[in-house]
Amino acid sequence: MLKRPKLIATDLDGTIIAHYGSISTRTVEAFHRAHELGVEIFFVTGRPPRWMSEVRENFTFGEGILANGAMHYDIFNEKVLERWFIPVEKQIEVASRLREAIPTVAFALDTSFKFHREKKYEPKWDVGVDDAPFEVIEDAMVEPAAKILARCSAQSYTSDEMLEIASEALDGVVTVTHSNAWDSLLEISAHGVSKGSTLSLLASRLGITSDESVSFGDNPNDFSMLAWAGRSWAMQDGHPDAKRFAKAVASPHQEDGVAIEIERLLELPE
């Protein structure tokens, strides 16, 4: 017999947050109800700390897994609790290998609270954050980094095409993924670091198994946690490959797909 989950893990953008928009009232209420019933809540995102305002505005609870698993983050006290970052020497190796594989690529770098970019890297969501860009990103590679961002500004490749090339070029060096199928952008983490790996670690510390957990996501950076959770939902309007990793499909995020599934889950016995 199916039981109420002990842990709910959700992606943000395209899953419970309309793309760079807001969280619906129904979704907020569903998560509050789950929390009241003692369910552990994990907000698992590719976002850096500076982008967590929607969560702080709508919730007073929940664990944060940020930068695709690179940070265990206290969202409400704005503090990095643990981190699994890319060492400097690996960052430099990534830049070298990827420039050879994708000559038109440009780079940016996220540390705990800083964002650096090359002059030719065109930011879409961090405009003005780095007002002193570097000629080459290697000049900014002086400390461990949460993520390397790799963009083809001329839209010469899709994110999926870039991911296929980079996965081969960087095999065994780092973890490569993306969260934006309509862009030309890769997100690169330390080797073995993903949303699923960090979620699994933190759940185990709570004594919660994958079979007692559920997850929701929409893009390749969510695939690892969709595969890990015993029950998981890919968003109907997400990346087409998400359905291969999830156990079920939720209605589109604009139709409160996650809230609908949580409401059903909370009707199950403990």
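Details
- Within the option set 35, 72, 116, being surrounded by 14 or more Cβ atoms within 10 Å (Cβ to Cβ), closer than 30 Å to residue 136 by Cα and not assigned by TED's automatic domain parsing to the domain that holds residue 140 holds for one residue only, 72.
- Qualifying residues in the stretch 119-144 (those that are hydrophobic (A, V, I, L, M, F, W, C) and surrounded by 14 or more Cβ atoms within 10 Å (Cβ to Cβ)) - the one nearest to residue 82 (Cα to Cα): 141
- Pair list, Cβ under 9 Å, 6 or more apart: the stretch 84-110 residue under 20 Å from residue 158 (Cβ atoms), other residue acidic (Asp, Glu): 101/168; 106/118; 106/122; 107/118; 107/138; 108/118; 108/126; 108/130
- Test result for residue 52, surrounded by fewer than 20 Cβ atoms within 10 Å (Cβ to Cβ) and among the hydrophobic types (A, V, I, L, M, F, W, C): yes
- Within the set 238, 257, 217, the sole residue that is touching a Leu at 6+ places or on another chain (Cβ under 9 Å) and closer than 21 Å to residue 23 by Cβ turns out to be 217.
- The residues of the stretch 128-159 that are modelled with pLDDT under 95 and among the acidic types (Asp, Glu), listed by number, are 130, 131.
- Scanning the stretch 7-32 for residues that are in a helix (DSSP H, G or I) and either among the small types (Gly, Ala, Ser) or surrounded by 16 or more Cβ atoms within 10 Å (Cβ to Cβ) (or both) yields 27, 28, 30, 31.
- Top-ranked residue in the stretch 182-217 [being in a helix (DSSP H, G or I) and in contact (Cβ under 8 Å) with a residue 60 or more places away in the chain; ranked as surrounded by the most Cβ atoms within 10 Å (Cβ to Cβ)]: 195
The values are calculated or read from the model by the stated rules, or taken from the named source; none is laboratory data. Everything numeric in this text was worked out from a predicted model, so none of it was measured. Because the Cβ atoms are built from the backbone with ideal geometry, glycine has one as well, and the counts that use them run over all protein chains shown.
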